[in-house]
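Take a look at the structure set out below.
The values are calculated or read from the model by the stated rules, or taken from the named source; none is laboratory data. None of these values were measured; they are calculated from a predicted model. Note: ideal-geometry Cβ built from the backbone for every residue, glycine included; neighbour counts use all protein chains shown.
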Amino acid sequence: MLAHQLTFSPELDQGWFEELPAAPAVFLLHGSSDQGILGSEGEPYVSKTANLRLRLKRLLGAPAEKSKRLNLRDRVGEIEFTPTGSDFESQFLLYRVLRETFLKTYAARLRLRPAPLIKLHLENDYPRASVTTRLGRVQGRDSEPTSASPERGRGGPGEGAHSTSPRTGNLYYGPFASRAAAEKFSSDVLDFFKMRRCVEDLDPDPSFPGCVYSEMKMCLAPCFKGCTDAEYQAEVGRVQRFFDTTGESLAREFQERRDRASADLAFEEAAAIHNRMEKLKPLLAQLPEIVRRIDLLDMLIVQRAAEPGSVALFRFRSLALSGPVVLNLELRGESRSLESRIEELIAGFPLCQPKSAGERTEELAILKRWYYRSSRIGEVFFADEKGSWPLRRIVRGIGRVFQGETAEEQKIFSATEHRAGPS
């Protein structure tokens, strides 16, 4: 998986280290025998660094007298490494190497925190929303549409209505920065709708007294037949459209209702709707751009590349992260515009093989960790619902990345080595 392989022996002098790149890299050290490096049988040493030459000098150079620093000079027989251009690329490559090398322990070594998501339980007879960090069956991806199936009876056999929409998996929206942020947004959104918030699987019974939300007219109360199945499914559809359009559907709905009320001279009703619109605006304004329906999330990340005169492109789509694809900005004899080249690279981006739910969760966690970092390095762009890209903005973003990191950004990049620790 790593690009370069070198043989190492303790007899090598300091001149050997000078041939290594003084640049960011992911590296893997193999033991000189089957014993492995850190004592476990066949276990190598894997890590990332902001300066490969300096890091290997520390690990493999002649040990200083009375020093307690880790030294592997007498244990290493082979070195593998790949230069990287950014901490994002290093983190993604390190994940792939650790996953291949330490199948049982790689997750603990990476210390990845799964990304919080809002899950719309469409497979439930009476759908609801919850916050989760686990990816299950995703609608439109993990299951094929099936013929309509009857809903469970609302009051008993023969009393239930039949569903008109097939159950084809659940929907997930995110990623959010934290579980608290996801829970707050979900709760604030549901205040605008009457979808249930209870977590039980319902078996509607007219004798059931209901809950506080039904008393406050904030739920249609399917638990005691407060609505028909069709009415409840219509409300679920409104909630889904809200999440699918990041709130635009509800904003349009409010505007149309307000305009109709004004035209009918129902000014009190129009004022009430306007107040709800004003409450909706700050909710949508605080929503991060990355929060979308994740099976439709298509984003391009621009980072510095290890190759001079180039940038590296990564793409997240179909719940998978792929790249880097290198874009050379100093290519001689190139007559095409940069926009055309970018468009061609995006269209030809390598397709990822279908991945397990665990891999999707982990790659989403890598994406979330980078995106919500307080000092994020790199540029990110999103395709719209039609699959179109903001090419002019991407060109400007590539220019900013290509012009180089600031001294502060380089300091941050170097500091990540200390936070990562040895693997």
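Rundown of residues vs (1) in contact with a Ser or Thr (Cβ under 7 Å, 6 or more places away or on another chain); (2) surrounded by 15 or more Cβ atoms within 10 Å (Cβ to Cβ), yes/no style:
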site: Arg293; (1), (2): no, yes
site: Arg304; (1), (2): yes, yes
site: Val311; (1), (2): no, yes
site: Asn328; (1), (2): yes, no
site: Leu331; (1), (2): no, no
site: Glu334; (1), (2): no, no
site: Ser340; (1), (2): no, no
site: Ala347; (1), (2): no, no
site: Glu359; (1), (2): no, yes
> Would a scan of the range 238-253 turn up a residue that is among the acidic types (Asp, Glu), surrounded by 15 or more Cβ atoms within 10 Å (Cβ to Cβ) and in contact with a Phe, Trp or Tyr (Cβ under 8 Å, 6 or more places away or on another chain)?
Replying inline: no
> Has the range 220-227 got at least one residue that is under 27 Å from Ala272 (Cα atoms), modelled with pLDDT under 95, buried (at least 18 other Cβ atoms within 10 Å of the Cβ) and in contact with a Cys (Cβ under 6 Å, 6 or more places away or on another chain)?
Replying inline: yes
> Got a sec? Which helices (runs of 4 or more DSSP H) wholly within the range 167-250 have at least 2 residues that are in contact (Cβ under 8 Å) with a residue 12 or more places away in the chain, within 29 Å of Asp295 (Cβ to Cβ) and aromatic (Phe, Trp, Tyr)?
Replying inline: 229-244
>> I'm told Arg315 meets every condition in (1) free of Cβ contacts under 8 Å to residues at least 40 places away in the same chain; (2) surrounded by fewer than 18 Cβ atoms within 10 Å (Cβ to Cβ); (3) not aliphatic (A, V, I, L, M) except one. Can you identify the failing condition by its number?
In response: (2)
>> Kindly evaluate Leu220 against the criterion of being within 21 Å of Ile377 (Cβ to Cβ) and over 20 Å from the mean Cα position of the chain (by Cα).
In response: no
>> Among (1) at pLDDT 90 or above; (2) touching a helix residue (DSSP H, G or I) at 6+ places or on another chain (Cβ under 6 Å), there is one condition Phe413 misses while meeting the rest; what is its number?
In response: (1)
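Kindly establish whether Ala266 is in contact (Cβ under 8 Å) with a residue 12 or more places away in the chain and not assigned by TED's automatic domain parsing to the domain that holds Glu183.
Values: in contact (Cβ under 8 Å) with a residue 12 or more places away in the chain: no; not assigned by TED's automatic domain parsing to the domain that holds Glu183: yes.
No: the conditions fail for Ala266.
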> Scanning for something touching a Ser or Thr at 6+ places or on another chain (Cβ under 8 Å), surrounded by 19 or more Cβ atoms within 10 Å (Cβ to Cβ) and either among the polar types (S, T, N, Q) or touching a residue at least 12 places away in the same chain (Cβ under 8 Å) (or both), does the range 276-288 turn up at least one residue?
Replying inline: no
> In the range 318-357, what residues are under 30 Å from Asn170 (Cα atoms) and either in a helix (DSSP H, G or I) or touching a residue at least 40 places away in the same chain (Cβ under 8 Å) (or both)?
Replying inline: Ser318, Leu319, Ala320, Leu321, Gly323, Ile346, Ala347, Ala357
